[in-house]
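Engineer: Before I ask anything, here is the structure I am working with.
Just so it is clear, none of the values below were taken in a lab; they were calculated from the coordinates. Note that the coordinates shown come from a computational prediction; the quantities given were computed from them, not determined experimentally. Note: ideal-geometry Cβ built from the backbone for every residue, glycine included; neighbour counts use all protein chains shown.
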Amino acid sequence: MTDPVLSLSDVSLSLMGNAGPVDILHDITLDVAGGETLGLVGPSGSGKSSLLMLMGGLETATSGRITALGTDITRLGEDALARFRRDNMGVVFQSFHLIPTMTALENVATPLELAGHRDAFDRAAAELEAVGLAHRSGHYPSQMSGGEQQRVALARAAAPRPRILLADEPTGNLDEANGAAIIDMLFGLRDRHGATLILVTHATELARRCDRVVRLRDGRIEPARAAAE
């Protein structure tokens, strides 16, 4: 068996609240195989998004170890972690996080430029075409619908050819038709680039398309027999 792309061992997370520390995740142990599509499901407040942020190095574990692509990211400093994430991971958020003063093309190309890719704009244009937005490359986020903005966010996440693609409720702010289109595009990106896809979702139809579903409740992973949707 090949080594997992992501491996979490006894990972816990506590955050400081107004009344003191709040335990968010408890002793999470989980392996994700290369090329796997993993759905994280569970009720609101169960820790799904926090777990995804830990996987992406966007949150720091209180205890335990997280290994991504053979690198223990819990031991990396902030700058090294940012470089590792830039070179190996793509992240799609529910709220798009596009830069409002940049066009669609610039939003996709800028991270590539910062990473030193000389063909940043060519790659950005190709990714926009892949999500059906070549004709919107010169438009600003305010000139696009929510579905179009999320497609730009997908193109931005895919452009660096990440080995790990993380998505946090990618259809949460979209209507049914746009949500279905984003789902198809997410899995298309996985197929086109061979990335491992991990996503948080409340959408049953999206979870069912995943190779495996992990259900969280109260910051813990439920037994496998209870994880099926």
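Engineer: Where does the charge balance sit around Phe84 when Lys and Arg score +1, Asp and Glu -1, over other residues with C-beta under 13 Å from its C-beta?
Structural biologist: Taking every other residue near Phe84 into account, the sum is +1.
Engineer: OK, next. On the first, second and third principal axes, largest extent first, how far apart are the outermost C-alpha atoms of the chain in Å?
Structural biologist: Principal extents (Cα only, largest first): 47, 45, 38 Å.
Engineer: Shifting gears a bit: In deg cm²/dmol and to the nearest 500, what is the mean residue ellipticity at 222 nm of the chain if only DSSP H runs of at least 4 residues count, each as -39500 (n - 2.57), divided by the residue total?
Structural biologist: Working: 7 runs with 77 residues, N = 229.
Roughly -10000 deg cm²/dmol at 222 nm, from the helical runs in the chain.
Engineer: Give me the percent relative contact order of the range 121-172, please, defined on Cα pairs under 8 angstrom at least 6 residues apart.
Structural biologist: Answer for the range 121-172 is 41 percent.
Engineer: Still on this structure, I have one more. Quick check: pseudo-label points 7 Å beyond the Cα along Cα→Cβ at Arg118 and Arg161, how many nm apart are they?
Structural biologist: That separation, rounded to one decimal, is 1.6 nm.
Engineer: Along the Cα-to-C-beta direction of Arg220, a point sits 7 Å from the Cα; which residues of the range 46-67 have their amide N less than 15 Å from that point?
Structural biologist: Output list for this probe position: 46-47.
Engineer: Among residues other than Met144 whose Cβ falls under 14 Å from its Cβ, what is the net charge (Lys/Arg +1, Asp/Glu -1)?
Structural biologist: +1
Engineer: Taking H as built 1.01 Å from N, whose amide H comes closer than 5 Å to the amide H of Val200, not counting residues under 5 places away?
Structural biologist: Close amide H contacts, sequence-distant or interchain: Leu40, Ala167, Asp168, Glu169.
Engineer: Quick one: which residues, 5+ away or cross-chain, put their amide H under 5 Å from the amide H of Gly90? H built at 1.01 Å from N.
Structural biologist: Answer set, sorted by chain and number: Ile164, Leu165, Leu166.
Engineer: Would you mind checking the radius of gyration and Dmax of the range 20-88 based on alpha-carbon positions, in Å?
Structural biologist: So, for the range 20-88, Rg and Dmax equal 12.7, 40 Å respectively.
Engineer: Could I ask something else about it? Rounded to whole Å and sorted largest first, list the principal axis extents of the Cα atoms in the range 131-229.
Structural biologist: 48, 27, 21
Engineer: Alpha carbons only, please: Rg and Dmax for the range 110-163, in angstrom.
Structural biologist: Both quantities, over Cα of the range 110-163: 10.8, 31 Å.
Engineer: What list of ³J(HN,Hα) couplings, whole Hz, do you get for the range 49-64 from phi and the Karplus terms 6.51, -1.76, 1.60, once you set θ to phi - 60° and write x for glycine and proline?
Structural biologist: 5, 4, 5, 5, 5, 5, 4, x, x, 8, 9, 9, 5, 6, 7, x
Engineer: Taking only Cα atoms and a 10 Å spring cutoff, compute GNM fluctuations for the chain and point out the largest among Glu169, Glu36, Glu59.
Structural biologist: Among Glu169, Glu36, Glu59, the largest mean-square fluctuation in the Gaussian network model of the chain belongs to Glu59.
Engineer: Now for a separate question. Could you please report the charge total around Ala126, scoring K, R as +1 and D, E as -1 over all other residues with beta-carbon less than 13 angstrom from its beta-carbon?
Structural biologist: 0
Engineer: Assign one of three labels to the range 71-184, namely rounded, prolate or oblate, based on the Cα gyration tensor with a ≥ b ≥ c the square roots of its eigenvalues; rounded applies when a/c is under 1.5, prolate when it is not and a/b is larger than b/c, and oblate otherwise.
Structural biologist: Because a/c hits 1.5 or more and a/b fails to exceed b/c, the range 71-184 counts as oblate.
Engineer: Taking R0 as 25 Å, what's the FRET efficiency between Ser142 and Ala177 from their Cβ-Cβ distance, rounded to 0.05?
Structural biologist: On the way: r = 21 Å, r/R0 = 0.86.
That gives a FRET efficiency of 0.70.
Engineer: Further question: R0 = 30 Å: FRET efficiency of His26 with Thr71, Cβ-based, nearest 0.05?
Structural biologist: 0.80
Engineer: Applying 1/(1 + (r/R0)^6) with R0 = 25 Å to the Cβ-Cβ distance of Arg212 and Ala82, what FRET efficiency is obtained, to the nearest 0.05?
Structural biologist: About 0.30, to the nearest 0.05.
Engineer: Once you order the gyration tensor axes a ≥ b ≥ c over the Cα atoms, which shape class does the range 1-120 get: rounded for a/c under 1.5, otherwise prolate or oblate by comparing a/b with b/c?
Structural biologist: Here the range 1-120 falls in the prolate category.
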